[in-house]
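**Q** Can you read through this structure? Questions will come right after.
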Amino acid sequence: MLSYALKRLVQSLIVILLMTIVIFIGIWFIGNPADALISPDATMAEREAAIVALGLDKPLWQQYLDFLSGVFRGDFGNSFVYRAPVTEILAARLPASLELAFVSFVIAVSVSIPLGLYAGLRPQSPFSQGIMGFSLVGVSIPQFWQGMVLIIIFGITLSVLPVGGRGETATFLGITSSLWTWDGLAHLILPAVNMALLKMSLLIRVTRAAVMEVSRLDYVTFARAKGVRKHRIVTHHILRNVLLPIVTVLGIEIGNLIAYAVITETVFSWPGLGRLLISSVQVLDRPMILAYLCFTAMLFIFLNFIVDILYTYIDPRVRDAIQAGGRK
Amino acid sequence: MSASRFIHVSLRGAMGALALALLPATVAAQTLNVGVAAEPTSVDPHFFRSGPNISLRENISDALVYNNQVNGEIEPRLATKWEVLDDSTWRFTLNPKAVFADGVPVAAADVIYSICRVRNVEGSPGAYISFVETIENVRPDGEGAVIVETQGPNPMLLQNLSAIGIVQSPSREPLAYDRENCGNSDWIATNLFNNATVRAGIGPYYVTEYRSGIQTVLERNPDYYGEAPYYERVVLHAIPENGSRIAALLSGRVDVIDAVPVNAIDQIADNPNLELISMPASRLIFFAFDQESEPTPKIRGTNGANPFKDVRVREAINLAVDRMQIVNTVMDGIAEPAASIVMSRVFGHNPDLEVLPYDPDRARQLLAEAGYPNGFDLTISAPNDRYRNDSEVAQAVTQMLAQVGLNVQLETLPQSVYFSRASNYEFSLFMGGASADSGEGLSQLLHLIHTRDSERGLGGSNRGRYSSEVVDRYLGEALVTLDEEARRKLLQQAQAEVYKDFGYLPLYHEVAVWAARSDIHFEPNAAQINILYTARPKN
């Protein structure tokens, strides 16, 4: 198990290293960050000065080596735009992203798994048809538009919920979050629902498909023939086997919720990571883009790792396979 | 209909009552919430010369003088009066009532420190250096006065100084001014301004919290020497997405928004609770012709010749574009058709020049005379995220040029790519914008129509490399002419010249638009700066 973890870690580091090279060359191809940063009215002398100040006068390979040596010292550099350490800026944005991801995750899971289960167990019932129709709508409506509709209905016409921004924060158990205040929660509802709707639709479909597949299998039929109570069949025999694909999807989706909530964050002016990425890309704020993508790469690798560990608990066959692989 | 309205009203009433019950009333009444399209990248007044930063500085860090962007007049700020001792020596009397956070009045040492710091902001991506370029020396002159000496006469000194916020020098001893670091190595770091450790000078407001991408919180400065602002607290919310900014205003989350998008104008105008506030802005939106490269990158079918070197072709293109139609349809009336570079309210405007007529027949004829009866292949270039409706305007221009027989295509690019390509001379006919950010026409003309000369920092935005000896002579003379009327005349003559040469394709001057709750008075500004200290409830 340990050697498996180590192998995964080394693979991940290579991936991240390659990614940083791609980003460096990519941005170099796109253009000079100095031009995106300085006013178009600036004189040539000011432009030159800005290029020197940002360290862009050095050859690309040297800029890259500077970046690498900084990373080994734990320093990802300063943002071109804010001239503050990028790690500080990321850390300031992270709580907002995490709480939004958490709430929309809870909404999505608590709604979609029971619904998906029901739709899978009774695919013919009118309610199930309704669920599937809902999920189709959820998948096909653009998130941006859906967010705007939510704002117009709940924020402007009914005026019952705030339309954007993060609410008041409070500190509880050493964590500063807007989850602890009513105002904070009120601000969270619309963006969280906006993000959850799309995930819900996906999760309902995955759950339903898995349930339908598993409930046709021999051991379910056998259990039923044996006279096992229906409730027990669902919880012990079906749900356990359905979990595997669901966990896989969830692992990826949590990462997406945290790192790529760009659309929701833009519509609801939520101060999270996604908006930071977009605004950084617009002005080619290279240190910010690099740190951000390194962070998200680590996040996805970590989540995948957690998913793998969960597999071993859910499905003994996976554990056996990994251990066999580790002994080789 | 009436039932739903009733529900709507009663819900709104109930929520309002709830909100009142929960919130301490004073906080709600004294805070102004502003939704801004672009946030300042720093609180440091000398860090970065861009609209949002300049806008914040105007409210938190007074300069020696204030450049009233409405009619270009210079008003006193930290300096109560100023006099020109000789062509290159100016004396400023400082306001003894202007005190920093510690109660110490502004002194010559602070002025010297601030002007010197402009060159010494670590990591600043684009500073204010060109504003202090001509300053040769700054020295104290007795108690409460400072003398500024320029390299030769500089008629724009007051405008230049109006852009430099004065911060408090850490030491009372004045530095000995030089054009580098004034013998000082320890400058206030930018992040001390950002985390509110050090105030950015003396202003009607000061920043208590700056969180990039989220909000900037300003608190009223109780010791301010000028008129006290009405609102105790102002919160600038960064809401770059247009739809979200409008929604924030409609829902009452913010009281004022800036940069109202064109497609929301009607919606706000129809809403009785909201009001549009607009003012013609100095920024000219234009297309520049590449008048240097031969062949020019984006033109085909001319056997390698650059047709834009021919004044007849430039005239044809100028006549082929219907400016009125662009303003009325694409910009929904939120722009003013432009005849030349400097707009009507800015110093240096030439009232004799008229907006060129739309005359496609004459344009075709001119093209034929120039040897292009069948036109040529042209790709025009424009940014798609820099100016209001930039790509839509470029599309309209593309179609108009196609109608006079050119085979035109359009490429639009995000600004991060666009401007570096434009600076590399990769375009032939390309969109640009330039404002009179010093509040008068000379700097705008120097940037746009002076021959490009990077050594002297002239023609910085003249990427099409229009070049005319006559224009250069007029502008060169204006640079050293202190007499206002004579200088105005020179600026007008320079513009008449570029008008005659069809050196540019000027389209329109932008109109800056804000939207606010109709019970709030908000002051518009031609430089598109958010002036927060005069905002107050009406009555």
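**Q** Here are some residues: A:Val307, A:Val281. Which one is in a helix (DSSP H, G or I), at the interface with chain B (Cβ under 10 Å from one of its Cβ atoms), hydrophobic (A, V, I, L, M, F, W, C) and more than 10 Å from A:Ala259 (Cα to Cα)? It would help to see each step written out before you state the result.
**A** Values: A:Val307 fails: at the interface with chain B (Cβ under 10 Å from one of its Cβ atoms).
Of the residues listed, the single one that is in a helix (DSSP H, G or I), at the interface with chain B (Cβ under 10 Å from one of its Cβ atoms), hydrophobic (A, V, I, L, M, F, W, C) and more than 10 Å from A:Ala259 (Cα to Cα) is A:Val281.
**Q** For B:Ile60, which of the numbered conditions (1) open to solvent by 50 Å² or more (accessible area, probe 1.4 Å); (2) at pLDDT 95 or above fails to hold?
**A** (1)
**Q** Go through region B:219-229 and give me each residue that's buried (at least 21 other Cβ atoms within 10 Å of the Cβ) and in contact with a Lys or Arg (Cβ under 7 Å, 6 or more places away or on another chain).
**A** The initial filter retains those residues of region B:219-229 that are buried (at least 21 other Cβ atoms within 10 Å of the Cβ), namely B:221, B:229.
Residue satisfying the conditions is B:Pro229 alone.
**Q** Let me ask something else. Would you pick out the residues in region A:51-69 that are open to solvent by less than 40 Å² (accessible area, probe 1.4 Å), within 24 Å of B:Thr41 (Cα to Cα) and part of a helix (DSSP H, G or I)?
**A** A:Ile51, A:Ala53, A:Gln63, A:Phe67
**Q** Here are A:Arg208, A:Arg232: which of them is away from every other protein chain (no Cβ under 12 Å), charged (D, E, K, R) and surrounded by fewer than 23 Cβ atoms within 10 Å (Cβ to Cβ)?
**A** Among A:Arg208, A:Arg232, only A:Arg232 is away from every other protein chain (no Cβ under 12 Å), charged (D, E, K, R) and surrounded by fewer than 23 Cβ atoms within 10 Å (Cβ to Cβ).
**Q** Continuing with the same structure: (1) in a helix (DSSP H, G or I); (2) within 14 Å of chain B (Cβ to nearest Cβ): which one isn't true of A:Leu250, the others all being true?
**A** (2)
**Q** Determine if region A:93-110 includes at least one residue that is without any contact (Cβ under 8 Å) to a residue 40 or more places away in the chain and within 9 Å of chain B (Cβ to nearest Cβ).
**A** No - not one qualifying residue is present in region A:93-110.
**Q** Going by what's in this entry, would B:Glu292 be described as on the phi < 0 side of the Ramachandran plot and either aromatic (Phe, Trp, Tyr) or assigned to a loop (DSSP other than H, G, I, E, B) (or both)? Let's see the steps before the verdict.
**A** Numbers: on the phi < 0 side of the Ramachandran plot: yes; either aromatic (Phe, Trp, Tyr) or assigned to a loop (DSSP other than H, G, I, E, B) (or both): yes.
Yes: the conditions hold for B:Glu292.
**Q** Next question. Is there a residue in region B:417-436 that is buried (at least 17 other Cβ atoms within 10 Å of the Cβ), more than 14 Å from chain A (Cβ to nearest Cβ), hydroxyl-bearing (Ser, Thr, Tyr) and not in a loop (DSSP other than H, G, I, E, B)?
**A** The answer is no; no qualifying residue exists.
**Q** Of the residues B:Arg199, B:Arg179, B:Arg245, B:Arg211, only one is touching a Lys or Arg at 6+ places or on another chain (Cβ under 8 Å) and either of a type in the set (Lys, Arg) or open to solvent by 50 Å² or more (accessible area, probe 1.4 Å) (or both); which? First the steps, then the outcome.
**A** Details: B:Arg199 fails: touching a Lys or Arg at 6+ places or on another chain (Cβ under 8 Å); B:Arg245 fails: touching a Lys or Arg at 6+ places or on another chain (Cβ under 8 Å); B:Arg211 fails: touching a Lys or Arg at 6+ places or on another chain (Cβ under 8 Å).
Step by step, each of B:Arg199, B:Arg179, B:Arg245, B:Arg211 is checked, and only B:Arg179 is touching a Lys or Arg at 6+ places or on another chain (Cβ under 8 Å) and either of a type in the set (Lys, Arg) or open to solvent by 50 Å² or more (accessible area, probe 1.4 Å) (or both).
**Q** So, in region A:165-181, exactly how many residues are within 14 Å of chain B (Cβ to nearest Cβ) and either crowded, with 17+ Cβ neighbours inside 10 Å or small (Gly, Ala, Ser) (or both)?
**A** Selection size over region A:165-181: 5.
**Q** Okay, moving on. Within region B:468-539, considering only strands (runs of 3 or more DSSP E) that don't extend past its boundaries, which have at least 3 residues that are closer than 20 Å to B:Ala436 by Cβ, free of Cβ contacts under 8 Å to residues at least 24 places away in the same chain and more than 23 Å from the chain's Cα centre (by Cα)?
**A** In region B:468-539, no matching strands (runs of 3 or more DSSP E) lie anywhere.
**Q** With the requirement that a residue be within 14 Å of another protein chain (Cβ to nearest Cβ), farther than 14 Å from A:Met288 by Cα and not hydrophobic (A, V, I, L, M, F, W, C), what does region A:49-86 give you?
**A** Those that are within 14 Å of another protein chain (Cβ to nearest Cβ), farther than 14 Å from A:Met288 by Cα and not hydrophobic (A, V, I, L, M, F, W, C): A:Gly55, A:Asp57.
**Q** Oh, and also: Does A:Ile89 meet the test of being part of a helix (DSSP H, G or I), at pLDDT 80 or above, buried (at least 17 other Cβ atoms within 10 Å of the Cβ) and away from chain B (no Cβ under 14 Å)?
**A** So A:Ile89 does not fit the description; no.
**Q** Which one is modelled with the highest pLDDT, of the residues in region B:441-458 that are within 9 Å of chain A (Cβ to nearest Cβ) and not in a helix (DSSP H, G or I)?
**A** Selected residue: B:Arg452.
**Q** Would you be able to say whether some residue in region A:259-278 is away from chain B (no Cβ under 14 Å), crowded, with 17+ Cβ neighbours inside 10 Å, touching a Pro at 6+ places or on another chain (Cβ under 8 Å) and outside any loop (DSSP other than H, G, I, E, B)?
**A** The answer is no, given that none of the residues of region A:259-278 is away from chain B (no Cβ under 14 Å), crowded, with 17+ Cβ neighbours inside 10 Å, touching a Pro at 6+ places or on another chain (Cβ under 8 Å) and outside any loop (DSSP other than H, G, I, E, B).
For (1) more than 9 Å from chain B (Cβ to nearest Cβ); (2) assigned to a loop (DSSP other than H, G, I, E, B); (3) closer than 21 Å to A:Val103 by Cα, each residue gets a yes or a no:
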residue: A:Gly130; (1), (2), (3): yes, no, no
residue: A:Gly133; (1), (2), (3): yes, no, no
residue: A:Gly138; (1), (2), (3): yes, no, yes
residue: A:Val149; (1), (2), (3): yes, no, yes
residue: A:Phe154; (1), (2), (3): yes, no, yes
residue: A:Val163; (1), (2), (3): no, yes, yes
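**Q** Which one of these is polar (S, T, N, Q) and closer than 17 Å to B:Val408 by Cβ: B:Asn328, B:Asn306?
**A** Unique residue meeting the criteria: B:Asn306.
The values are calculated or read from the model by the stated rules, or taken from the named source; none is laboratory data. As the structure is a prediction and not an experimental result, all values here were calculated from the model. Ideal geometry is used to build each Cβ from the backbone, glycine not excepted, and the neighbour counts take in all protein chains shown. With ligands, DNA and RNA removed, areas are computed over all heavy atoms of the protein, side chains included. Shrake-Rupley method; radii C 1.70, N 1.55, O 1.52, S 1.80 Å.
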